[in-house]
Structures are given as C-alpha cells and as structure tokens.
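Participant: This is the structure I have questions about; it appears just below.
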C-alpha cells in the first residue's frame, strides 16, 4: 500500500499565526528583500508606485494584506513577477512514499506469474503520471495489448523481453528504456530471460486521462 508522508501544515494552536497572517508575513519579507536589492527607501518606493509610505510600511511589517492591484503595482515598480511575493510560502502538497515491495497490487490485472504494483498516484488535476512496477515470472502464449492516452516510458530492471509497439518489436535488456505514444497498441510479446521486471511510467496531459 502507498504510505502518505505527512504534508507540511500550519499549526492549529490558538496562538499560532493564521494562514492569512502567514501569507502576510511572507509577502512582507519578499517586499523588503526586493526593495533592498534596489537600494530604495520606502519613500522612493512610494514615489515609484503611487502608494503611500504608511501603506508600504504596514505591508512590510505584515500589518495588512495588500490587494492584487497593489501587488501588481509593486511588481511593476520593482521589475519582478507577482509570484515573487509568495516565494517561501509553505503549501500543502501530496507526497507519496512507497517502501520496497509495498506497492499497491492491481487486481485483476495481477495474475499468476504476472505482478503489477502501482507505486503512486496524486489527487485530482495533479494526477499527471502513473508509475508502476511490473514483474513477469511466467511465459504466456498471448499477452494482453494496452492502449491509453498520453505517453508511456519503460525502463528495464532485470531479464530480457521482446516488447511490441504498434507493428514494431524491440528487444529490451537491463538498463534499456523505451518511450512511445500510449495510443499505439503495446505490450510484451516474448519473455526471453526471466524474471522480467521493468518500471512503467504513464504521463498524461491535462484532460487526457
């Protein structure tokens, strides 16, 4: 099974800063840094942006949250992208740790002599790839063919096999890799040396799953 590493979180204690305060603090630090790089005083920045010196002081001391319009004016004056004001902000993120041999086994795809272990999957629109460890320990007269959206990348770990993509066939040995359009019918053709083990990574574009 996949194990979720704990994502970064803001403390919940009553005396801890709220999320809004954390954002204000990050913006304050970035504004001071950007202004300092130019060697500008608050008065100079006020002249360049048309904002009051008092407002700028409040922003730099994390006493107020600037509007998007204010951030745009600051970014233009300091010749920086608006996103520069949010650098260092800790966001919740998906982190998946899968210990050796603990991948999620897919059934009914996994069968006697064939093992498919999903190594991770993220949530919602962030699910842009599907890594899988495939282990083939028995020969089959006919292997299933797969087709899917996106691109697939294979990396051979052990064994040797003939792998088909469309009308072509490739001999894959340890250390070899193969990348192809997932829409083309593909799959193992013949196992030469067993066990065959390879990493399969399917990569999807937005809206292609």
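Just so you know, all these numbers are worked out from the coordinates, no wet-lab data involved. Model, not experiment: these values are computed from the prediction. Neighbour counts are summed over all protein chains in view; Cβ atoms, including those assigned to glycine, are modelled from backbone coordinates with ideal geometry.
Participant: In nm, give the distance between the simple-model label positions of residue 43 and residue 61, each being 7 Å from the Cα along the Cα-to-Cβ direction.
Facilitator: Result for the modelled spin labels: 1.8 nm.
Participant: By how many nm would the segment from residue 128 to residue 190 lengthen if fully extended, with 0.36 nm per residue of separation less the alpha-carbon distance? Walk me through the numbers on the way to the answer.
Facilitator: Values: separation 62, 0.36 × 62 = 22.32 nm, distance 3.00 nm.
Stretched out fully, the residue 128 to residue 190 stretch lengthens by 19.3 nm.
Participant: Evaluate 2.2 N^0.38 Å with N set to the residue count of the stretch 19-86, then give the Cα radius of gyration divided by it.
Facilitator: Numbers: Rg = 10.5 Å, N = 68, 2.2 N^0.38 = 10.9 Å.
So the stretch 19-86 has a normalised radius of gyration of 0.96.
Participant: Mind giving me the FRET efficiency for residue 68 and residue 170? R0 is 41 Å, r the Cβ-Cβ distance, nearest 0.05 is fine. If you can, show how the numbers build up before the last one.
Facilitator: Details: r = 52 Å, r/R0 = 1.27.
Using R0 = 41 Å, I get an efficiency of 0.20.
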